[in-house]
């Protein structure tokens, strides 16, 4: 009978980080990215009054995020492959968080729309890098399947929560 070595993650290296902690961080990041897509709908009436948006321009608050997110998703996936998934993930989180702060401090339509676009770009950087991190952190088989299930369930919860929020 032959002894088999434990399966290694896809990158072939054993990480010093707890894989469950890694999964928690990337799943929460994905949750934020998905939730932020339309949760801003709840604030649209207040934004319209406070920043003087016209009824027609309110849709651009959603569109700025969605267009940047969708437009850069493939490019960001490729950048994660070329520049490193962890580097792109951290940069995406920094951009997303900074843009979120600017959204909250916005004093004009233009400032809010630019910040929402930057949020979408940050989200586009986070999403493919997060999935790649999950795939390389967990060894192929039941361990990876469990991680992907958890990651997908949390992302699905973000979609569900945004629909419950009145969005």
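Please identify the pairs in which a residue from the stretch 19-40 that is in contact (Cβ under 8 Å) with a residue 40 or more places away in the chain has its Cβ atom under 7 Å from the Cβ atom of a residue that is surrounded by fewer than 19 Cβ atoms within 10 Å (Cβ to Cβ) and not in a helix (DSSP H, G or I), counting only partners at least 6 apart or on another chain.
38/167; 39/165; 39/167
Need the failing condition index for residue 22 against (1) at pLDDT below 95; (2) over 22 Å from residue 161 (Cβ atoms); (3) out of contact with any helix residue (DSSP H, G or I) (no Cβ under 6 Å at 6 or more places or on another chain), just the number.
Unmet for residue 22, out of (1) at pLDDT below 95; (2) over 22 Å from residue 161 (Cβ atoms); (3) out of contact with any helix residue (DSSP H, G or I) (no Cβ under 6 Å at 6 or more places or on another chain): (3).
So residue 79 ticks every box in (1) surrounded by 14 or more Cβ atoms within 10 Å (Cβ to Cβ); (2) under 13 Å from the mean Cα position of the chain (by Cα); (3) at pLDDT 95 or above but one. Which box is left unticked?
Only one criterion is unmet by residue 79, namely (2).
Which residue is surrounded by the most Cβ atoms within 10 Å (Cβ to Cβ), if the candidates are limited to the stretch 148-158 and must be more than 25 Å from residue 83 (Cβ to Cβ) and touching a helix residue (DSSP H, G or I) at 6+ places or on another chain (Cβ under 8 Å)?
Taking the candidates together, the pick is 158.
Has the stretch 50-58 got any residue that is assigned to a helix (DSSP H, G or I) and free of Cβ contacts under 8 Å to residues at least 40 places away in the same chain?
The answer is yes, given that some residue of the stretch 50-58 is assigned to a helix (DSSP H, G or I) and free of Cβ contacts under 8 Å to residues at least 40 places away in the same chain.
Here is a list of conditions, (1) assigned to a helix (DSSP H, G or I); (2) in contact (Cβ under 8 Å) with a residue 12 or more places away in the chain; (3) surrounded by fewer than 17 Cβ atoms within 10 Å (Cβ to Cβ), and residue 145 meets all of them except one; can you say which number that is?
All conditions pass for residue 145, except number (2).
State whether the residues of the stretch 70-90 include one that is outside any helix (DSSP H, G or I) and in contact with a helix residue (DSSP H, G or I) (Cβ under 8 Å, 6 or more places away or on another chain).
no
State the number of residues belonging to the stretch 82-94 that are farther than 16 Å from residue 115 by Cβ, surrounded by fewer than 17 Cβ atoms within 10 Å (Cβ to Cβ) and under 12 Å from the mean Cα position of the chain (by Cα).
Of the residues in the stretch 82-94, 1 are farther than 16 Å from residue 115 by Cβ, surrounded by fewer than 17 Cβ atoms within 10 Å (Cβ to Cβ) and under 12 Å from the mean Cα position of the chain (by Cα).
The values are calculated or read from the model by the stated rules, or taken from the named source; none is laboratory data. Nothing here was measured: the structure is a model prediction, and the numbers come from that model. Using ideal geometry, Cβ is built from the backbone for each residue, glycine included, and neighbour counts are taken over all protein chains shown.
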